[in-house]
Each structure stands twice: as structure tokens, then as C-alpha cells.
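Since the structure comes first, as C-alpha cells, the remarks are kept for the end.
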Amino acid sequence: MNESLRPLTLGEILDRTAQLYRRNFLLFAGVAALPIGVMIAIGVLAGALVVAAAAALKGSSGSNPIAILALVALIALTLPLYIAAYVYSTAGLTQAAVSANRGEKLTIRAALASGRARFWTYLWFLVLQGLVVAGIPLAAAGGVAVILFYLVTLTGGGVAAGVASGFFVFVAFGAALVVIVWLALGYSVGMAVCVVEQKTAWESLMRAWKLSHGTRGRIFVMFLLVVALTMVVSMIAYIPFLIIVGVITAAGHSAQTASVAMVVAELLNVIVNFTLQTLLTPVAWIALVLFYYDQRMRKEGFDIEWMMQQAGLLSQQAGSGHAPSQPEPGPAGFASAAAASEAGTISGPTLPPDTVEER
């Protein structure tokens, strides 16, 4: 790492995100496509099953229990598959962003395989993060709603009591939404901690909360920009679908022709949405990894530590009796800086050539 590595502003982090994404586009897009592709495959199977069930029920007055059981079985079998794909993709995107920021070359297969050894840790982290961020606030708001409903029911309150209870329920869920956003920002760099530092799920959450302190506002702005970009691109991509529907309506074709055109339009919409999600998903993950390193530099002097490792000063300190600071643990599949320094080689990778320069 050279002297140009330093804490970055929000604009510089976004610029660095764009640089890394552009230079490693195929890697990020390939890793992000896994869960989206699985979800589309599941949707196609479910749609085919529904069509088959509708054809089987045509002319009958009751429901088909076999079709219902088949749909339930399909969900039970494919849901774990989607969850596994999401875990591998999330860990792979984080590992790809870490490697790209270090200037290391990584393939799509290697990025996805990096989550194999710690799959259950990553899965438990995502589950725990979801419970802490969304589960607890929503459960609290739901509890308030249930209590108010029973109070109004038991007391026999009139319209005024019902309106008042509805208002308080609205306030409770609004407060829960605010808490969810606040907690999500606080734990947003948790996956980067879990991947880079090889910590447990709970330790990753706790460390992410401490690291994110002081930069949650910048992370919030980053997410707002990503959401705005997603909405704008989605609206632009939806224009072809609207054009097809408008042409069909204006032309007044037969019902069969209109049905075929609508199916084609829906397929086109699915393909466009798949492409957009694949292209936009990596943006936030790359930025979160950069925020993670930025906070380590601001709070822990990680840039100075890495330069000392590059120069071999930490090894000299260890030999002179001074305890060096804890080096950054290497990610899964890569040798750690400590192991490299013990072997007498230069520890840590070299800085990528596109590091943001001093402005």
C-alpha cells in the first residue's frame, strides 16, 4: 500500500466504487446473477405448474389437491436452493469487492467458492442480521397493534376509539420503519467484517455497529443514490412494455393475438428486470466494502499498519520485543498478511493502480 491510501469522502468512495465495478464488471455481474437466476427459474417452474393446474381444473368445479401439493412441494424444495444461492452470492460479492480493492484477480468461480468453508456462518449472520434489524422492531409494532385491537374490542369503544387506535398503530409501524433503517445502517458493513476478519456472526454484528459509527449518514446517502438509480433505470426499461401494451390496445387485434403479445411483453419485462438487478446489485456491496476499509483507516489507522506490513516493519518490531498490532486477517482462500510476514515475504497485496489520488 502506498501513501495515496487515505480516508475518503463520500464522493471519492462512489468514484472508487465506479472504478472497481468498471474494471471487474464481468466478475461482479456474474456473481450477482446467481440468486436472481435461481429466482427466475423458480418463478418459471411455479408459473408452469399454475398453468398446468389451471388446465387440469378447466371444466371442474373443485380444486385439485394434487396441484396444490405439487406447488407446496416446489416451494419447499426450491426455497432452500434460493437461500443457498443468495448466501453464496452475497459472500462472493463481498469477497470480490475486497479482492478488487486490493488489486487481486479473482474469477467468478473462485468468488462463489470463497463462501463454501464458512457457509453456515454467513447464513447465520444474514439470519441474525434480519432478526435484529427487522424482526424485533416489526414484532414490537405488531404487539402494539394487537394490544390496541384487544383493548378496543374489550372496552367496546366506538368509532373514535377505533380511529385513535388506528392512528397509534400507524405511528408504531412508522417508528418501527425508522428503527429498521437506523439498525440497517449500523450493521451494514457486517458482511465485510465477517468475510475479511473471519469473525462469528454475532461478533461481526457487534464490530460492524462500532465501525459504522460516524459514517451511517454517508451510507444512508449512498443507499438513497442506489435506490434512485434503480428507480430511474427501471422506469426507463419499463417503456418498451408500455409501448407494446399501447400498440395492442390501439390496434384492436384479436384476443389470441393480444394474449401472445402480452406474453412476449411479460417475457421481455422479466429479461430486462433480470439484467437490471444483475447490474445494479453489486454497486451497494462494493461501496460497503469501501466504507468498511475507510472506517478502519479513520478509527484504527489501518492504512499506516498496512504500509508498515509492506515495509516489513511489523516483523522487525516483533523481533525487537514490541508487540505489533493485529494484522488484517486474510479472506477465505487467501494467505493472511501475518502468514506472509512470517514466511519472510512482503505481506499484503500491492495497492491497485486506480486508487483515488489526493485532490
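Check Ala208, Ala192, Ala201 and return the single one that is touching a Leu at 6+ places or on another chain (Cβ under 8 Å) and closer than 17 Å to Phe302 by Cβ.
Details: Ala208 fails: touching a Leu at 6+ places or on another chain (Cβ under 8 Å); Ala201 fails: closer than 17 Å to Phe302 by Cβ.
Sole residue among the options that is touching a Leu at 6+ places or on another chain (Cβ under 8 Å) and closer than 17 Å to Phe302 by Cβ: Ala192.
May I ask you to list the residues in the range 136-148 that are free of Cβ contacts under 8 Å to residues at least 24 places away in the same chain and either surrounded by 13 or more Cβ atoms within 10 Å (Cβ to Cβ) or within 26 Å of the chain's Cα centre (by Cα) (or both)?
We begin by selecting, within the range 136-148, every residue free of Cβ contacts under 8 Å to residues at least 24 places away in the same chain; these are 136, 139, 142-143, 146-148.
Result: Ile136, Ala139, Gly142, Ile147, Leu148.
Picking from Thr94, Thr78, which residue would you name as being at pLDDT 95 or above, touching a helix residue (DSSP H, G or I) at 6+ places or on another chain (Cβ under 7 Å), assigned by the TED database to the domain that holds Leu288 and not charged (D, E, K, R)?
Values: Thr78 fails: at pLDDT 95 or above.
Result: Thr94 is the single residue among Thr94, Thr78 that is at pLDDT 95 or above, touching a helix residue (DSSP H, G or I) at 6+ places or on another chain (Cβ under 7 Å), assigned by the TED database to the domain that holds Leu288 and not charged (D, E, K, R).
For the range 1-20, name all the residues that are at pLDDT 90 or above and touching a Phe, Trp or Tyr at 6+ places or on another chain (Cβ under 6 Å).
Answer for the range 1-20, where residues must be at pLDDT 90 or above and touching a Phe, Trp or Tyr at 6+ places or on another chain (Cβ under 6 Å): there is none.
Being at pLDDT below 90 and open to solvent by less than 40 Å² (accessible area, probe 1.4 Å) is the requirement here; does Met39 meet it?
Values: at pLDDT below 90: yes; open to solvent by less than 40 Å² (accessible area, probe 1.4 Å): no.
For Met39, the condition - at pLDDT below 90 and open to solvent by less than 40 Å² (accessible area, probe 1.4 Å) - is not met.
Condition (residue is among the β-branched types (Val, Ile, Thr), surrounded by fewer than 21 Cβ atoms within 10 Å (Cβ to Cβ), outside the structural domain of Ala113 (by the TED database) and outside any helix (DSSP H, G or I)) applied to the range 198-211: is it met by at least one residue?
Start the filter on the range 198-211 by keeping residues that are among the β-branched types (Val, Ile, Thr), which leaves 200.
Those still in the list that are surrounded by fewer than 21 Cβ atoms within 10 Å (Cβ to Cβ) too: 200.
Narrowing further to those that are outside the structural domain of Ala113 (by the TED database): 200.
If we keep only those that are outside any helix (DSSP H, G or I) too, we end up with 200.
The answer is yes; a qualifying residue exists.
Where in the range 236-333 are there helices (runs of 4 or more DSSP H), lying wholly inside it, with at least 2 residues that are at pLDDT 65 or above? Break it down into steps so the answer makes sense when it comes.
Numbers: elements: 239-251, 255-300, 302-311, 313-319.
Output list reads 239-251, 255-300, 302-311.
Tell me whether the range 181-191 contains one or more residues that are open to solvent by 50 Å² or more (accessible area, probe 1.4 Å) and either among the aliphatic types (A, V, I, L, M) or over 19 Å from the mean Cα position of the chain (by Cα) (or both). Show your work before the answer.
In the first step, residues of the range 181-191 are kept if they are open to solvent by 50 Å² or more (accessible area, probe 1.4 Å); the result is 181-182.
Now restrict to residues that are either among the aliphatic types (A, V, I, L, M) or over 19 Å from the mean Cα position of the chain (by Cα) (or both): 181.
Within the range 181-191 (the criterion being open to solvent by 50 Å² or more (accessible area, probe 1.4 Å) and either among the aliphatic types (A, V, I, L, M) or over 19 Å from the mean Cα position of the chain (by Cα) (or both)), the answer is yes, since at least one residue qualifies.
Which condition breaks for Arg102 when tested against (1) surrounded by 15 or more Cβ atoms within 10 Å (Cβ to Cβ); (2) at pLDDT 90 or above; (3) of a type in the set (Lys, Arg)?
(2) is the only condition that Arg102 fails.
For residues that are touching a residue at least 24 places away in the same chain (Cβ under 8 Å) and more than 19 Å from Asp294 (Cα to Cα), tally how many sit in the range 183-216.
Residues in the range 183-216 being touching a residue at least 24 places away in the same chain (Cβ under 8 Å) and more than 19 Å from Asp294 (Cα to Cα): 4 in total.
Looking at (1) outside the structural domain of Ala84 (by the TED database); (2) open to solvent by 70 Å² or more (accessible area, probe 1.4 Å), which is the only condition Val227 fails?
(1)
Can you report the number of residues in the range 149-168 which are in contact with a helix residue (DSSP H, G or I) (Cβ under 7 Å, 6 or more places away or on another chain) and open to solvent by less than 40 Å² (accessible area, probe 1.4 Å)?
4
In this structure, is Val133 modelled with pLDDT of 95 or more and exposed (fewer than 15 other Cβ atoms within 10 Å of the Cβ)? Give the derivation first.
Details: modelled with pLDDT of 95 or more: yes; exposed (fewer than 15 other Cβ atoms within 10 Å of the Cβ): no.
So Val133 does not fit the description; no.
The values are calculated or read from the model by the stated rules, or taken from the named source; none is laboratory data. Keep in mind the model is a prediction, meaning the values are calculated, not measured. Counting neighbours? That spans all protein chains shown, and the Cβs are built from the backbone with ideal geometry, glycine included. Note: areas computed on protein heavy atoms with side chains; ligands, DNA, RNA excluded. Shrake-Rupley method; radii C 1.70, N 1.55, O 1.52, S 1.80 Å.
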